[in-house]
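S.K.: Structure below; questions to follow.
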Amino acid sequence: MVVENVRRRLLALGAVATTGLLMAGCSVNVPDPAAPKPSPAGSTLSTPTITPGHDAAAVAAKDLPLAAGGTLVPGEPVTYASRLEEVPGWSVVHAGLQGENRYAKADGCVALARITVNQGPLVVPGDDVASTKALFQYLDAGIDPEKLKAATLRWGQDSEKPQRSVELLALESASTAGGKPASVMARLFSGTASSVYVSIACPDATALAKAKADVQAQVVIVPPS
């Protein structure tokens, strides 16, 4: 299944960061081993720095459509915060593992959120749409980028202010023989050369719709300082 290939290829990025080699055993679509590879975020992100002239609060106070990726300055990556485990039925499988949190729901759904950094080789300067399509195709060359659809997650972290949204691209996959319906939402921020990846897989379409609503309400993408 395409979504499963995407998930596995993303996990492969984290597994080989220190060697510079990609060993994705689930797909024959392996990039040139000599080409530079994106690197996963560690379990602890570095201390944020303040960029002179950059108003991070102003950026966080507005929606971030795909066309507005240039408002994020190079340096610190985006991060995320999640309270999904506080929703009845959800629990944490692991947290902070190479920038990844994984969750399970009592009805059989599984969700994953991950931040990956140093993705310069995939970046199309100033174009988050093209960069994100490149990310999807890097993870699975069989993906048709024209079938990706717009999706949103929450943006910013201050719950006392009006909620804002950040736009991503999404790949939806219906149930197939031996597989589960799934949804993958991702965005490669060209300005920071970092990406956010969120995937959800469930036993059926009804459960997936409910799980996706939980994720979109509880997972917040946090802009750099």
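S.K.: Which numbered condition trips up P203, out of (1) open to solvent by 50 Å² or more (accessible area, probe 1.4 Å); (2) closer than 22 Å to A61 by Cα?
M.R.: (2)
S.K.: Going by the conditions given, is R102 charged (D, E, K, R) and free of Cβ contacts under 8 Å to residues at least 12 places away in the same chain?
M.R.: Answer is yes for this residue.
S.K.: Taking R164 as the residue in question, decide whether it is in contact with a Leu (Cβ under 8 Å, 6 or more places away or on another chain) and basic (K, R). Write out each step before concluding.
M.R.: Working: in contact with a Leu (Cβ under 8 Å, 6 or more places away or on another chain): yes; basic (K, R): yes.
Yes; evaluated as a whole, the condition is true for this residue.
S.K.: So the check is Cβ under 8 Å with 6+ separation or different chains; which pairs have a first residue in the stretch 65-84 that's modelled with pLDDT under 80 and a second one that's part of a loop (DSSP other than H, G, I, E, B) and of a type in the set (D, E, K, R)?
M.R.: Between residues of the stretch 65-84 that are modelled with pLDDT under 80 and residues that are part of a loop (DSSP other than H, G, I, E, B) and of a type in the set (D, E, K, R), the close pairs are G69/D127.
S.K.: For the stretch 102-122, which positions are open to solvent by less than 30 Å² (accessible area, probe 1.4 Å), within 25 Å of P224 (Cβ to Cβ) and either in contact with a helix residue (DSSP H, G or I) (Cβ under 9 Å, 6 or more places away or on another chain) or among the aromatic types (F, W, Y) (or both)?
M.R.: Y103, A111, L112, A113, R114, T116, Q119, L122 - these are the residues of the stretch 102-122 that are open to solvent by less than 30 Å² (accessible area, probe 1.4 Å), within 25 Å of P224 (Cβ to Cβ) and either in contact with a helix residue (DSSP H, G or I) (Cβ under 9 Å, 6 or more places away or on another chain) or among the aromatic types (F, W, Y) (or both).
Each row is one residue, and each column tells you yes or no for (1) touching a helix residue (DSSP H, G or I) at 6+ places or on another chain (Cβ under 6 Å); (2) charged (D, E, K, R); (3) closer than 21 Å to K212 by Cβ.
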site: T71; (1), (2), (3): yes, no, no
site: V87; (1), (2), (3): yes, no, yes
site: E100; (1), (2), (3): no, yes, yes
site: A141; (1), (2), (3): no, no, no
site: R154; (1), (2), (3): no, yes, yes
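S.K.: Only one of L148, L135 is within 15 Å of the chain's Cα centre (by Cα), modelled with pLDDT of 95 or more and open to solvent by less than 10 Å² (accessible area, probe 1.4 Å); which? Explain how you work it out, then say what you get.
M.R.: Working: L148 fails: open to solvent by less than 10 Å² (accessible area, probe 1.4 Å).
Result: L135 is the single residue among L148, L135 that is within 15 Å of the chain's Cα centre (by Cα), modelled with pLDDT of 95 or more and open to solvent by less than 10 Å² (accessible area, probe 1.4 Å).
S.K.: Residue check, G70 against (1) open to solvent by 60 Å² or more (accessible area, probe 1.4 Å); (2) part of a loop (DSSP other than H, G, I, E, B), all met but one. Which one?
M.R.: (2)
S.K.: For residues in the stretch 85-113 being part of a loop (DSSP other than H, G, I, E, B) and at pLDDT below 95, which is nearest to V222 (Cα to Cα)?
M.R.: Step one: filter the stretch 85-113 for residues part of a loop (DSSP other than H, G, I, E, B), giving 87-89, 98-99, 106-109.
Right, trim to at pLDDT below 95 and you get 98-99.
Values: Q98: 17, G99: 14 Å.
Per the stated criteria, the residue is G99.
S.K.: With respect to V220, determine if the residue is among the aliphatic types (A, V, I, L, M) and modelled with pLDDT of 95 or more. Let's see the steps before the verdict.
M.R.: Details: among the aliphatic types (A, V, I, L, M): yes; modelled with pLDDT of 95 or more: no.
Here the answer is no, as V220 does not meet what is asked.
The values are calculated or read from the model by the stated rules, or taken from the named source; none is laboratory data. Source: prediction; values computed, not measured. Methodologically, a virtual Cβ is constructed for each residue, glycine included, from the backbone with ideal geometry; neighbour enumeration extends over all protein chains shown. Side chains are part of the model used for accessible areas, which takes the heavy atoms of the whole protein and leaves out ligands, DNA and RNA. Shrake-Rupley method; radii C 1.70, N 1.55, O 1.52, S 1.80 Å.
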